[in-house]
Amino acid sequence: MLIAAPGWSACQENVGVRFVPADGRVDVLINGRQVTSYLYTSDLTKPVLYPVKTISGIKVNRDYPFEQVEWESKDHPHHVGIFFTYDKVNGNGFWNNTTSPPQISHVEFVEITDGMEQGTLSVVLAWVGKNGKRLLREDRSMVFRAKDKNIFIDFSMTLMAMDTTIVFEDTKEGMFAIRLAHWLKEKGGTGKYTSSNGDKGAAEVWGKRAEWVRIEGHKDGQQVGIAILNHPSSQNYPTYWHARDYGLFSANPLGQSVFQKEVGLEAPEPYNLTLAPGESALFKFRMIIYEGSMSKEQLDREFDNYRNH
């Protein structure tokens, strides 16, 4: 069921959150400026949010593979914008694939609602295996809002097994991620990760649990950051972090034993999330895209607000 956005008068067009559907995408406008687009064309291996911009228009994601920029890295072409996917799902690799199947396919829109304070875009997706069979139904909600120079996107993804038992084997290749712009990454850029634990830098953040992680850098004299917060109701909270210095910024709650092993834990415990037909798992994250700087204390407060949301 599609819930159409309410009408907007001329004086409202540049205020609040507005969605503009087009062929194979929905543009997301905040105060009249495009901050991202939900892309869901059939040639994509999964729907993505691309490009990703701050409130004043600074792009924080890598352009490749959609656009060719001379100084950008060309590794990992499956890292596109903001994405949610996972490898090793009943033997299907949904993470590394650049051709389909397997594929996460857009099925339908459930809600597209503009708003002065916030806007909601909700969809149904199908995780389709190599044999063309639907393995999982994904119900995804994305709520957009802005305050001052901060953009908040609340993601809620519920994965439900269809008519066969689904096993997510432990792997580092997942799950909720953004591929950072060249200037924002740690290696060769200006970025620096910090976690809610106080760890700093990819080498310290990677493979550990944390309630939130942020990266901050600067472009043309402007300080910019991205924070990802993991909600306590989310599967295997607090999530592990697959945060790399080359620009992959990912929260992965399902790679437990791999992360435990690689950080030196003596007896890694496999998580191997298993869903019987009809069973589901919830994954919830808030992404904050901001201009300026946010201290650990500020992000702790933001997390407390999110926890109680």
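What are the residues whose amide H is under 5 Å from the amide H of GLY292, where those residues sit 5 or more places off or on another chain and H is modelled from the backbone?
For GLY292, whose amide H was placed from the backbone, the distant partners under 5 Å are GLN223, VAL224, GLY225.
Which order results if HIS76, HIS218 are arranged by neighbouring Cβ count within 10 Å, fewest first?
HIS218, HIS76
If each residue of separation counts as 0.36 nm, what is the full-extension length gain between THR98 and TYR237 once their alpha-carbon separation is subtracted?
Extra length from THR98 to TYR237 when fully extended: 47.1 nm.
Using the Cβ atoms and a cut-off under 12 Å, what net charge is assigned to the surroundings of GLU111, where Lys and Arg are +1 and Asp and Glu are -1?
Its environment carries a net charge of -2.
Could you work out how far the C-alpha centroid of the stretch 158-197 sits from that of the stretch 29-64, in angstrom?
17
According to a simple spin-label model (label point 7 Å from Cα along Cα-to-Cβ), what is the distance in nm between SER42 and VAL20?
Distance between label points: 2.6 nm.
Give a quick list of GluC sites (Glu not before Pro) in the stretch 51-134 that DSSP marks as loop, anything other than H, G, I, E or B, with at most 11 other Cβ atoms within 10 Å.
Sites meeting the loop and neighbour criteria: GLU67, GLU70, GLU117.
With an 8 Å cut-off on Cα pairs and a minimum separation of 6 or more residues, tell me the relative contact order of the chain in percent.
So the answer I get is 16 percent.
In what sequence, highest mean first, do 195-205, 82-92 appear when ranked by Cβ atoms within 10 angstrom?
82-92, 195-205
In nm, give the distance between the simple-model label positions of ASP300 and LYS200, each being 7 Å from the Cα along the Cα-to-Cβ direction.
1.6
Using r as the Cβ-Cβ distance of VAL263 and SER73, and R0 as 25 Å, what FRET efficiency do you calculate, to the nearest 0.05?
The value I calculate is 0.45.
Every number here is computed from the coordinates shown, using simple stated rules; none is lab data. Just so it is clear, the structure is predicted and the values come from calculations on it, not from any experiment. Note: ideal-geometry Cβ built from the backbone for every residue, glycine included; neighbour counts use all protein chains shown.
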